[in-house]
Amino acid sequence: MYGMVNKAVEEMVVLHHGEAVWEQIKTKAGVDVEVFMSNESYSDDITYNLVGAASEVLKVPAEQILIGFGEHWVLHTAQEGYGGLMSAAGKSLPEFLQNLPDFHSRVSMIFPHLQPPRFRCTDYTDRSLKLHYYSHRPGLAPFVVGLMQGLGKMFRTPVTVRLVEAKASGADHDVFEVTWQAAPAP
């Protein structure tokens, strides 16, 4: 994964728990990188180890860490890293979700060695859709839940996300049912 992912994990932990806790997590994870470079590629193991160590140190299930990280990614990291692309992808949650399959194609232009997940949307209604998530990285379904929750907050649109088919349970890929309410008037 690119360094910006690990850097974002660090920012999330420091924001909510302080620098000392981050150093404790890095030590427990066996990570001796002083500064993650956003555009540099790092082993996926580093990220998984950081999440596992954060789970142990904070005494929170890894799934909760990943959900929180998904929200943090949308509300902080993505806004700072590629806010223009975020803005261009849609003016509402439904519009953004419909454009999500093309989003990583655009991000790949910025990060040429990126191995992003792939998204596909089906079963559209005026208040829901099915989000298909394809990734070679295991165990990140909770992160997708957090991404959707973060997008709901970004667009001020209450959202519910439910995993309806899980790769971890033998499905070809993860499928989420995403439902939303009308956004409040500005």
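Based on DSSP H runs of at least 4 residues, each adding -39500 (n - 2.57), what is the mean residue ellipticity at 222 nm of the chain after dividing by all its residues, to the nearest 500 deg cm²/dmol? Please report the intermediate quantities before stating the final value.
Values: 7 runs with 94 residues, N = 186.
The helix-only estimate for the chain comes to -16000 deg cm²/dmol at 222 nm.
What whole-number volume per residue, in cubic angstrom, does the convex hull of the C-alpha atoms of the chain give?
120 Å³
How large is ³J(HN,Hα) for each residue in the stretch 39-48, as worked out from phi by the Karplus curve 6.51 cos²θ - 1.76 cosθ + 1.60 (θ = phi - 60°), to whole Hz, x for Gly and Pro?
8, 9, 8, 10, 4, 4, 4, 4, 5, 4
What's the exposure ranking of Met4, Met154, Met37, going from fewest to most Cβ atoms within 10 Å? Walk me through the intermediate numbers first.
Working: Met4 22, Met154 16, Met37 13.
So the ranking, lowest neighbour count to highest, is Met37, Met154, Met4.
Can you list residues from other chains, or at least 5 along the same chain, whose modelled amide H is less than 5 Å from the amide H of Tyr2?
Correct list: Tyr42.
Grab the other residues whose beta carbon is less than 15 angstrom from that of Gly68, score K and R as +1, D and E as -1, and report the net.
Values: positive: Lys59, Lys153; negative: Glu10, Glu11, Glu63, Glu71.
With Lys, Arg at +1 and Asp, Glu at -1, the neighbours total -2.
Long-range amide H contacts for Glu165: which residues qualify at under 5 Å (H placed 1.01 Å from N, peptide plane, sequence gap of 5 or more or a different chain)?
For Glu165, the qualifying residues are Val175.
Rounded to the nearest 20 debye, what is the charge dipole size of the stretch 7-94 about its Cα centre when +1 sits on each Lys and Arg Cβ and -1 on each Asp and Glu Cβ?
Charge dipole, the stretch 7-94, about its Cα centre: 300 debye, nearest 20.
Where in the chain is the longest stretch that carries no trypsin sites (Lys or Arg not before Pro) classed as loop by DSSP and with at most 16 other Cβ atoms within 10 Å? Can you show the working numbers first?
Working: sites that count: Lys59, Lys91, Arg127, Arg156.
Result for the longest clean stretch: 1-58.
Taking only Cα atoms, what is the 0 to 90° angle, nearest 10, from helix 79-88's long axis to the longest principal axis of the chain?
In the chain, helix 79-88 runs at an angle near 10 degrees to the longest axis.
Measure nothing but the geometry: give the 0 to 90° angle between the long axis through the Cα atoms of 93-110 and the longest principal axis through the Cα atoms of the chain, rounded to 10°.
The answer is roughly 50 degrees.
Answer with one residue from Gly90, Ser55, Gly139: the one whose Cα lies farthest towards the positive end of the charge dipole of the chain, charges on Cβ with Lys, Arg +1 and Asp, Glu -1.
About the Cα centre, the residue reaching furthest to the positive side is Gly90.
Hey, what do the phi angles of the stretch 130-144 turn into as Karplus ³J(HN,Hα) couplings, whole Hz, using 6.51/-1.76/1.60 and θ = phi - 60°, x for Gly and Pro?
9, 10, 9, 10, 10, 8, 7, 8, x, x, 9, 4, x, 4, 5
Only the coordinates and a few stated rules stand behind these numbers; no lab work does. What you are looking at is a predicted structure, and each value in this text was computed from that prediction instead of being measured. Cβ atoms come from the backbone with ideal geometry, glycine included; neighbour counts cover every protein chain shown.
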